[in-house]
Amino acid sequence: MPKGAKPGENRFKGAQKALTRYRVSRLRDIVVPKLKTLASHATVDSINKFCSLAAEIYNQDLPVNEQPISYRRLNQSEQYWEIVGPVYYQYFEKKQKLNDFKKSSTTSLKNQRIDELEGQIDRLKAENKALRATLTHSPSDLVKEDSGALENAQVDIDRMARIIELMVSKSGVVEVFLDEVAMRDLAEDLEDPQGMLPREVVEPYIRWLKNKKAKLGER
């Protein structure tokens, strides 16, 4: 009968013990000294961030035949925490300021929110720019010189007005004032009294919008 693991026996037990011994040795000989050195230059505000730093140090220049360690493993293993935990409590826990000690660290939630807001601002600026570019064309520009057909011109005006209406609704910062015959950028504090564009430029769109509301019975 071929030899092998007995029923219920962990055939990888020996390899697991060897991995644990190697990790314990590497944590004591490499990770702990580097953590103590970094303590004078960096601060962390939580055990998870400390474990992430310890795991990053452990995984640097790790032999290709060895398995990387995760910060969760350092946090959850009593055997590993007995080695790195005292370093945290002695050198890191009492520090109150959180510094950016590694440029490769995960971006904080605050920075992520700032990036999101900047992206939204850029999109709104692009939409407003496109809207301004569209409104600067007068109805006469939409009529082809060779056709001279009023009906075709009206179709073009209708299409342009529909595009403007869609862009206004999407932007969320542009409001149309029918009585004043004006379009205003609510995000622009220094906007001209007349609004985004001169009255004569905005008037064709306002007229189209009023006609549409009249047909729909809106006020």
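No lab work stands behind these numbers, since they all come straight from the coordinates. Quantities reported herein were computed from a predicted structural model and do not represent experimental measurements. Cβ: placed from backbone, ideal geometry, glycine included. Neighbour counts: every protein chain shown.
Taking amide H atoms as placed 1.01 Å from N in the peptide plane, the amide H of Ala182 lies under 5 Å from those of Phe177, each 5 or more residues away in sequence or on another chain. Taking amide H as placed 1.01 Å from N in the peptide plane, Val174 has its amide H under 5 Å from the amide H of Leu186, each at least 5 places away in sequence or on another chain. Between Ser40 and Leu166, the contour length at 0.36 nm per residue exceeds the Cα-Cα span by 39.6 nm.
Just want to confirm a number: the relative contact order over the range 13-92, from Cα pairs under 8 angstrom separated by 6+ residues, in percent.
Details: 52 pairs, mean separation 30.2, N = 80.
About 38 percent, as a whole number.
Among Leu216, Leu62, Leu53, sorting on how many other beta-carbon atoms sit within 10 Å of each Cβ, with the fewest leading, yields Leu216, Leu62, Leu53. Stretching the chain fully between Glu175 and Glu82 yields a gain of 27.2 nm (0.36 nm per residue, less the alpha carbon separation).
Over the alpha-carbon set of the range 13-92, divide Rg by the Kirkwood Rh and report the Rg/Rh ratio to two decimals. Mind showing how you got there, number by number?
Working: Rg = 12.2 Å, Rh = 12.8 Å.
With Rg and the Kirkwood Rh in hand, the quotient comes to 0.96.
Can you tell me how much longer the chain between Tyr22 and Lys213 gets when fully stretched, taken as 0.36 nm per residue apart minus their C-alpha distance, in nm with one decimal? Please report the intermediate quantities before stating the final value.
Numbers: separation 191, 0.36 × 191 = 68.76 nm, distance 7.72 nm.
The span from Tyr22 to Lys213 would gain 61.0 nm if fully extended.
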